[in-house]
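The values are calculated or read from the model by the stated rules, or taken from the named source; none is laboratory data. No experiment lies behind these values; they were computed from the predicted model shown. Note that we place each Cβ from the backbone using ideal geometry, even for glycine, and neighbour counts take in every protein chain shown. To get the accessible areas, we keep the full protein, side chains included, count just its heavy atoms, and leave off ligands, DNA and RNA. Shrake-Rupley method; radii C 1.70, N 1.55, O 1.52, S 1.80 Å.
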Amino acid sequence: MNSESGSILTVTRSVCPLCSKELVTNWVKDNIPFFGEVMHITSKCECGLRYSDTMIMDQRKPVRYEMKVTTREDIDVRVVRSTSGTIRIPELGVDIEPGPASESFISNIEGVLDRVSDILEMVIRWNEEPKTRRAQELQSIIEKVKAGEFEITVIIEDPLGNSAIIAEKATHRELTQEEAACLKTGMIIFEKE
């Protein structure tokens with residue numbers, strides 16, 4: 001038991017998929033504001049293999065948040081994205097869907113735009129025209145959004161209900177089962193008995 005947080009540490013031992021030596025995995029339950037109960041997982045092998053993840057244990061109703069970003073102040077709005085959250089910015093043609101390596105984060109709209117800009121920067125470095133031209137256009141639009149000179153809509157949809165846009169200006173509603181079923185979760189889902 002971790003005496004500082006009251007968390008219980010569980011250790012499992014398995015076979016490393018790289019070298020077939022012992023892989024030690026630590027499992028620690030925790031409670032994080034807004035996310036609720038989570039499981040921190042870290043695996044380590046002497047060959048150098050390392051893996052870490054945080055799984056959200058709570059599941060809420062599927063949700064969709066939407067906010068129109070119209071002013072410079074709007075980019076300071078808090079964004080909570082779980083590993084199962086999909087972020088859409090229709091005006092930029094951006095869909096950030098969860099995958100096996102998805103990370104949850106708490107940021108603001110500017111931070112989300114910075115993440116998109118980082119990806120665009122990679123596109124510019126590793127591609128040729130016309131992809132680089134479009135990426136440069138999108139980066140220019142992102143700079144205008146940050147200056148309050150271009151309006152966008154930020155949408156977060158989460159079939160497990162653990163993502164949000166935290167602002168009075170944001171609207172939210174429960175997703176229908178059909179809408180939620182069309183979204184990726186980016187993870188293996190364990191059902192509680």
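I need the full set of residues from region 35-79 which are basic (Lys, Arg), under 12 Å from Ser163 (Cα atoms) and either open to solvent by less than 50 Å² (accessible area, probe 1.4 Å) or part of a strand (DSSP E or B) (or both), in order please.
To start, the set of residues in region 35-79 that are basic (Lys, Arg) comprises 44, 50, 60-61, 64, 68, 72, 78.
Now drop any that are not under 12 Å from Ser163 (Cα atoms), which leaves 60-61, 64, 78.
Those that are basic (Lys, Arg), under 12 Å from Ser163 (Cα atoms) and either open to solvent by less than 50 Å² (accessible area, probe 1.4 Å) or part of a strand (DSSP E or B) (or both): Arg64, Arg78.
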Exercise for the section: Confirm whether Ile56 is in contact with a strand residue (DSSP E or B) (Cβ under 6 Å, 6 or more places away or on another chain) and either among the aliphatic types (A, V, I, L, M) or free of Cβ contacts under 8 Å to residues at least 24 places away in the same chain (or both). Expected result: yes
Problem - Failed item in (1) within 20 Å of Pro98 (Cβ to Cβ); (2) modelled with pLDDT of 95 or more, with Ser163 passing the rest - result: (2)
Fill in the blank from the handout: Wholly inside region 80-164, strands (runs of 3 or more DSSP E) that include 2 or more residues that are touching a residue at least 24 places away in the same chain (Cβ under 8 Å) and open to solvent by 30 Å² or more (accessible area, probe 1.4 Å) are 105-108
Practice task
Report whether or not Gly36 is among the small types (Gly, Ala, Ser) and modelled with pLDDT under 85.
Solution key: yes
Problem - Residues that are touching a Pro at 6+ places or on another chain (Cβ under 7 Å) and farther than 30 Å from Val63 by Cα, drawn from region 83-142 - result: none
Practice task
Hey, can you tell me all the residues within region 122-155 that are hydrophobic (A, V, I, L, M, F, W, C) and in contact with an Asp or Glu (Cβ under 9 Å, 6 or more places away or on another chain)?
Solution key: Ala135, Ile141, Ile142, Val145, Phe150, Ile152, Val154, Ile155
Practice task
Quick one: Arg50 ticks every box in (1) in the same structural domain as Cys19 (by the TED database); (2) in contact (Cβ under 8 Å) with a residue 12 or more places away in the chain except a single one, so which number is it?
Solution key: (2)
